[in-house]
Amino acid sequence: MDLERSLEADLDRSASGLAGWLAADQTSPSQAAERNEELLRLADALAALPEPQREVVVLKHLRGLTLQQIADQIGRTVPAVASLLRRGLEDLRRRLAPKE
């Protein structure tokens, strides 16, 4: 149980930027348009993830399930779910990084 809490804390911290990004308040039409473009980029990046990674990212960060709940739902161990989530979030970060 301590391992699960530790993994969840690490993953939650690593994904806090994603959550903040999704929850950001927009005040102008141009900001709203920019936000919509970012959401489309996020949707495309999520769609490009391998199915197991996409599933755990969605279950954790859009549905709010714990690692244990996800593991029970998809029939994997908590460490396996944590690994899928970590790789999925790393892939999303890479795909969503500003182009230089």
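Looking at the range 45-88, which of its residues are under 22 Å from residue 99 (Cβ atoms) and without any contact (Cβ under 8 Å) to a residue 12 or more places away in the chain?
Across the range 45-88, the qualifying residue is only 47.
May I ask you to list the residues in the range 52-99 that are charged (D, E, K, R), over 12 Å from the mean Cα position of the chain (by Cα) and surrounded by 15 or more Cβ atoms within 10 Å (Cβ to Cβ)?
76
So which helices (runs of 4 or more DSSP H) stay within the chain end to end and still have 2 or more residues that are basic (Lys, Arg) and modelled with pLDDT of 90 or more?
Details: elements: 2-23, 29-48, 51-57, 67-74, 78-96.
Here the list reads 78-96.
For the condition closer than 16 Å to residue 43 by Cα and of a type in the set (A, V, I, L, M), what is the one hit in 84, 62? Break it down stepwise before answering.
Values: 84 fails: closer than 16 Å to residue 43 by Cα.
The conditions single out 62.
The values are calculated or read from the model by the stated rules, or taken from the named source; none is laboratory data. The shown structure was predicted, so the numbers you read here are calculated from the model rather than taken from an experiment. FYI the Cβ positions are ideal-geometry reconstructions off the backbone, even for glycines, and counts take in every protein chain you see.
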